[in-house]
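These notes concern the structure reproduced below.
The values are calculated or read from the model by the stated rules, or taken from the named source; none is laboratory data. Remember, it's a predicted structure, so these values are computed and weren't measured experimentally. Backbone-built Cβ (ideal geometry, glycine too); neighbour counts: all protein chains shown. Note: areas computed on protein heavy atoms with side chains; ligands, DNA, RNA excluded. Shrake-Rupley method; radii C 1.70, N 1.55, O 1.52, S 1.80 Å.
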Amino acid sequence: MSVTLYQLDGCPFCEKVADRLDEVGVDYETIWVDAMHSDRNEVKRVSGQRGVPVLVDEDRGVTMSESDNIVEFVDRTYAAEA
């Protein structure tokens, strides 16, 4: 799977991104992260920071954070393909 979403259970920003991915029909893998920022080592390794959501699109070489930026990317990239 080329699209991965790192998210925290109950995070409204993460849910916003997941909802948009679902709406445009993007298949993605979810990696649930720990609530403690200090335990988010995989997110740090992938994105350089510990905040979520983080979207990784391997096919397009994109790693990004910030829900509004991710939703904009999803709309520009995937909604246009639908």
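Observations
- In region 17-28, the residues that are over 13 Å from residue 53 (Cα atoms) form Cβ pairs under 8 Å with partners that are at pLDDT 95 or above and of a type in the set (D, E, K, R), at six or more places apart or across chains, as follows: 24/75.
- Odd one out for residue 23 among (1) in contact with a strand residue (DSSP E or B) (Cβ under 9 Å, 6 or more places away or on another chain); (2) open to solvent by 60 Å² or more (accessible area, probe 1.4 Å): (1)
- Region 35-59: number of residues that are surrounded by fewer than 18 Cβ atoms within 10 Å (Cβ to Cβ) and in contact (Cβ under 8 Å) with a residue 24 or more places away in the chain: 5
- Qualifying residue in region 10-20 (condition: more than 28 Å from residue 80 (Cβ to Cβ) and either touching a helix residue (DSSP H, G or I) at 6+ places or on another chain (Cβ under 9 Å) or open to solvent by less than 70 Å² (accessible area, probe 1.4 Å) (or both)): yes
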